[in-house]
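Data first, discussion second: the structure below is written as C-alpha cells.
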Ligand SMILES: NC(=O)c1ccc[n+]([C@@H]2O[C@H](COP(=O)([O-])OP(=O)(O)OC[C@H]3O[C@@H](n4cnc5c(N)ncnc54)[C@H](OP(=O)(O)O)[C@@H]3O)[C@@H](O)[C@H]2O)c1
C-alpha cells in the first residue's frame, strides 16, 4: 500500500512516499481502508523525535493517527463492526499511523462515522474532539453558565472547544491574532482577545475554566483571569504549576489525550445533530503530507489540515 513514512527522525525532508505492506489484522482489530487522514501537531513532534523516550516506535514509521474510512476486514474477536461500515478513529499512537491507504486499529478506538459529514470532515475530528472533551467535560467539569477561556480558538483543538463549550451553554472567550477574529466569532465565541493588540489577562476576569493550548507565559498569565477559590485551569502543554494554583486557590491539571471509541461515538452524535461542525481549513492530497506538516508547524493554521487518501 501507499504510505507517507519516515526511516529516521528529522525535519520535513525525512517524510517520504513509500510502498509498504498492508497492516496485519490482530484479534480485535478492524482494518480500515482510509479515505482521509488529518494532521495534528503531535505528528511532526513525533517526526522530530520529541516523544521517542515515551513511544518506542520502529522504522519505517507511518505518521498521523486520525482517520476516516471504510472497514475492509475484521479480526476474529471483533464484535462491533462489520466489513463495509463507515468509521472514524483516533488510532493507537504506539502503532503505525494513518498517512496511508490502510490502518489496523483495535475496535475499542473506533466509532461509526457521522452520516452527515464527509470523510474529510470526520477525519479532522477524533484527536481534537477527544482532547477538548477530556479537558473541558471530564477534567474541568464544564457546565451551563460557566465562563470559559479557550486559548487559540482558531486552531484545531480551539475551534472544536469553542463549539463544545457553546453547545453546553457556556460564555466563551478566546484568543487569536487579528486575521482570525471574525472566524472565531463565527464559531460562537462571545468575547475575542486579539493577542497582537492586547493582553488577555488584563481584559478578562472571574473565569471558571481556562483551557490552555499554548503554554509558557500564556499558561502562567491565565491564572490571573480565574475565579479565585473556584476556577480550574487545564493545559495540554504544561504540567501543573502547583505554586500558582495554591496562591490563587484554583485547581490545575495537565491532560494527555487518550483514544476512546465510546467517547468518539458521543462526539459523533454532536456532529450528527449539527451542534458541532468540523472546521477544515485545508485539504491536500496524501502525497503532500510534507507541505501539510510544514503548515501545521507554522503554528498559525486555521482549523484542521486534512489529507485526502482516496478521492
Ligand atoms: N496533550 C495533548 O493530549 C494534546 C492534544 C492535542 C493538542 N496538543 C497540543 O496543543 C497545541 C494546540 O494544538 P492544535 O491542534 O490546536 O494546534 P494548531 O491547530 O496548530 O493551532 C494553531 C492555532 O494557534 C493559534 N495561535 C498561535 N499562537 C497563539 C497565541 N499566542 N495565542 C493564541 N492563539 C495562538 C493560531 O492562531 P493565529 O494564527 O490567529 O495566531 C492558529 O490558529 C499543540 O502544541 C499540540 O501539540 C496536546
Quiz item: So how do 236, 32 line up by other beta-carbon neighbours within 10 Å, fewest first?
Solution: 236, 32
Quiz prompt | Centre separation in Å (Cα based) which lies between the stretch 164-194 and the stretch 47-103 | solution = 32
Exercise. Compare 134, 293, 239 in a GNM of the chain, Cα atoms joined below 10 Å, and give the one with the largest fluctuation.
Key: 239
Quiz item: Using the alpha-carbon atoms, what tilt in degrees (0 to 90, nearest 10) does helix 156-167 show relative to the longest principal axis of the chain?
Solution: 60
Exercise. Provide Rg and Dmax in Å for the stretch 56-147, with only Cα atoms included in the calculation.
Key: 15.1, 49
Quiz item: So what does the Cα-only Debye profile of the stretch 128-254 read at q = 0.09, 0.12, 0.18, 0.21 Å⁻¹, as log10 I(q)/I(0), no solvent term?
Solution: -0.20, -0.36, -0.85, -1.20
Practice problem: From the P(r) of the chain, can you give the percent of Cα pairs sitting at distances over 30 Å? | Solution: 32
Quiz item: Looking only at 27, 13, 288, which one moves most when the chain is put into a Gaussian network model with springs between Cα atoms under 10 Å?
Solution: 13
Practice problem: In a Gaussian network model over the chain where Cα atoms closer than 10 Å are linked, find which of 266, 247, 86 has the largest mean-square fluctuation. | Solution: 247
Quiz item: By the gyration tensor of its Cα atoms, with a ≥ b ≥ c the square roots of the eigenvalues, what is the shape of the stretch 8-91: rounded for a/c under 1.5, prolate for a/b over b/c, or oblate?
Solution: prolate
Practice problem: Treating the angle as unsigned and between 0 and 90°, give the value, to the nearest 10°, between the Cα long axis of helix 261-272 and the longest Cα principal axis of the chain. | Solution: 70
Quiz item: Among 25, 225, what is the fewest-to-most ranking by other Cβ atoms within 10 Å?
Solution: 25, 225
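Coordinate-derived values only; no laboratory data. This structure is a prediction, so every number in the text was calculated from the model and none was measured. Cβ atoms come from the backbone with ideal geometry, glycine included; neighbour counts cover every protein chain shown.
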